[in-house]
C-alpha cells in the first residue's frame, strides 16, 4: 500500500508537470525567435547559452534533465564536482575515506558558505539526502541512491527518514553508510541527486525556496531571474569559495528546442553556444562555421521502451520483432551522420571497467532476413495481414528523433505493423513515459556516472518511474544484486554483463544508437573541454576578445 501511495502522489505531480509543460511550450515558441541579446554591463563578462529545453524546476530533487543539470551545476555543488574534463574531483568535500569493506564513507567538508552567507554544513547534506528519499518529495531520481543504507524502505515509506544511513559527525564531517559497496560513489556525489539544498531556507519557506527571490545556492553562481519561455539568468556568487577563479559575471540560459533556429542565433552572435546540433547539419556547419562544432564520444544511448502494460507488448515475440526490424545502420550512418553508432546493446562502449554483453544473434543478419524473421514472430503471436498490429510511438520533438522516427515507422510498415507517430515536446513526452501514458516510447539515457550500472539499473523492478516499460524479471534483479554485493571488479562486471544479456533477450527496450555529444560553441569561449560525460561547468568558462562574434551564415 505504501508503494501505491507514493506512485499516486508522483502521478499527481506529473499531471501538474504536464500542464506546466504545455504552458512552457507555448512560451518557448514565442521566446525562440528573439533577435537580440541583453547588453552586458560595462567591464563585465557575459555568456548567452542555448540550453535545449525549459527547466521543469531548479530544485535538484525534482529534476531529471541534462538541460536542468547545466543550470543546477552552476548554482549548486555536491560533495564532488566535475573537472573540465568531466572527471570527479573534490567539491564541497576536500577529501574522503572509506572503510576496508567499502560500506562506510566519511567526507570532510571544506569551509564554505551558502550564497546568503550561512555556512554549508554536514547537516545540510543529511537534510537533503533525507528529503530526496522522503516519499512525500516524490523524487523521480530517488532510486539512484538506493545504495545508501535503508534508502529503499525510506523511499517506500516503510521506514522513517531518520533511519537513512547518513549522519553529521560534526558540522564539517559527513558519514554515509551503504547497503553494499559502491566504488562509484565519488561519481554519483557530483550528480544533482546528491546536491545539498539550504536547510535553513527550505524549512522556512518550503518549496518556494526555488523562486529567484528566495533561491540560495552554494555554487559558483546565484539565480537572478527566471522568465518562463525566455531565459534563466544567473550571476557570479561572490561568496563562492573560489569566486576569484570564476571569470564570467553573468550567464543567460535560453530554451532552444529548435536546433536550426539556435544555430542561426549562434551564427548571428545572439548566442555564444548551443548545447545541441541537428546531426545531419554537422558536416555543413564545419564548413560554414569553422571552429564552432564540438563533438565527442558520449556515454548515452537512444532507445525505444515497450510498455509492458499494453497487452500486445507483453508478448516477447512482438517486442523482438519490433526490435530486430529497425535499420540502425541507416539511421546512424545515413540519416544522422553525426558520429553516432548503431546500438544492439544497452550499455555503450567506453564505460569504465566494463565490456558490453554480446549483441543478439540477429544483429549480424542482413536486414531482409531480420524482416522475414520479424514477420514470422508476429505471425506466431497472431498478427498478420488480416490482423495487423497497430501501435503508437510517442516521441520527442527534439532534432534527431524528428529525423529517425519516420524511418522506424517505415521499417515497421515493411513487417506489417501500422505504427502511428505522436510528437511531443521533450518534457511532456517524458512526463507521459513516467506515468506510463504510452505504448512505445522514444527515449534517451545519458549516464549519471561512468559505470555500467548507470544504464542497467533503469530496468530493475525497484527503479520506479524511470523504468518506463515496467520491466520485471527476478533473474535480472538477482544478477544486479550479486553485482552490487561483489567487491571484485572483474567478477562484478561479469554479473552485470550477464544481467544485460538477460535483459536484451527479453527485449523490454530496443537500443537504436549510441550518442555523441554535439555542441556549437563560439571559438571565443575558453575553458570548454570536450569529454565523455558532456559536463562543461560554467565556473571554468571565460571569453576572449570583446563583443559578440558572428560566423558566416549556413
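Please tell me if residue 420 is surrounded by fewer than 16 Cβ atoms within 10 Å (Cβ to Cβ) and within 28 Å of the chain's Cα centre (by Cα). Judged against the criteria, residue 420 is a match. Set side by side, the residues 496, 520 differ, and just one is more than 22 Å from residue 89 (Cβ to Cβ), assigned to a helix (DSSP H, G or I) and either assigned by TED's automatic domain parsing to the domain that holds residue 138 or at pLDDT 95 or above (or both), which is 496. Please verify whether region 192-199 includes one or more residues that are within 30 Å of residue 136 (Cα to Cα), over 25 Å from the mean Cα position of the chain (by Cα), surrounded by fewer than 22 Cβ atoms within 10 Å (Cβ to Cβ) and assigned by TED's automatic domain parsing to the domain that holds residue 174. Scanning region 192-199, I find at least one residue that is within 30 Å of residue 136 (Cα to Cα), over 25 Å from the mean Cα position of the chain (by Cα), surrounded by fewer than 22 Cβ atoms within 10 Å (Cβ to Cβ) and assigned by TED's automatic domain parsing to the domain that holds residue 174, so the answer is yes.
Does residue 318 fit the bill of being assigned to a helix (DSSP H, G or I), within 24 Å of residue 393 (Cα to Cα) and over 23 Å from the mean Cα position of the chain (by Cα)? So residue 318 fits the description; yes.
Of note, residue 136 does not satisfy the criterion of being assigned to a strand (DSSP E or B), assigned by TED's automatic domain parsing to the domain that holds residue 242 and touching a residue at least 24 places away in the same chain (Cβ under 8 Å).
With respect to residue 350, is the statement that it is within 23 Å of residue 528 (Cα to Cα), out of contact with any helix residue (DSSP H, G or I) (no Cβ under 8 Å at 6 or more places or on another chain), assigned to a loop (DSSP other than H, G, I, E, B) and in the same structural domain as residue 449 (by TED's automatic domain parsing) true? Against the criterion (within 23 Å of residue 528 (Cα to Cα), out of contact with any helix residue (DSSP H, G or I) (no Cβ under 8 Å at 6 or more places or on another chain), assigned to a loop (DSSP other than H, G, I, E, B) and in the same structural domain as residue 449 (by TED's automatic domain parsing)), residue 350 qualifies. Within region 377-391, residues that are over 14 Å from residue 324 (Cβ atoms) have Cβ atoms under 8 Å from residues that are loosely packed, with under 15 Cβ neighbours inside 10 Å and at pLDDT 95 or above in these pairs: 388/418; 389/418; 390/418; 390/420; 391/418; 391/420, counting only partners at least 6 apart in sequence or on another chain.
If I ask for residues that are in a strand (DSSP E or B) and crowded, with 22+ Cβ neighbours inside 10 Å, which ones from region 232-261 would you list? Result: 232, 234, 251, 252, 253, 254.
Put simply, of 424, 450, 467 the only residue that is free of Cβ contacts under 8 Å to residues at least 12 places away in the same chain, outside the structural domain of residue 188 (by TED's automatic domain parsing), touching a strand residue (DSSP E or B) at 6+ places or on another chain (Cβ under 9 Å) and closer than 26 Å to residue 63 by Cα is 467. Might you check whether a residue that is within 21 Å of residue 395 (Cβ to Cβ), in the same structural domain as residue 473 (by TED's automatic domain parsing) and at pLDDT 95 or above occurs anywhere in region 353-363? Looking through region 353-363, none of the residues is within 21 Å of residue 395 (Cβ to Cβ), in the same structural domain as residue 473 (by TED's automatic domain parsing) and at pLDDT 95 or above. Are any residues in region 476-513 without any contact (Cβ under 8 Å) to a residue 40 or more places away in the chain and under 24 Å from residue 441 (Cβ atoms), and if so, which ones? Hits for region 476-513 are 476, 477, 480, 502.
The values are calculated or read from the model by the stated rules, or taken from the named source; none is laboratory data. Given the structure is predicted, the values throughout are model-derived calculations rather than measurements. In this analysis, Cβ positions are derived from the backbone assuming ideal geometry, glycine residues included, and neighbour counts consider all displayed protein chains.
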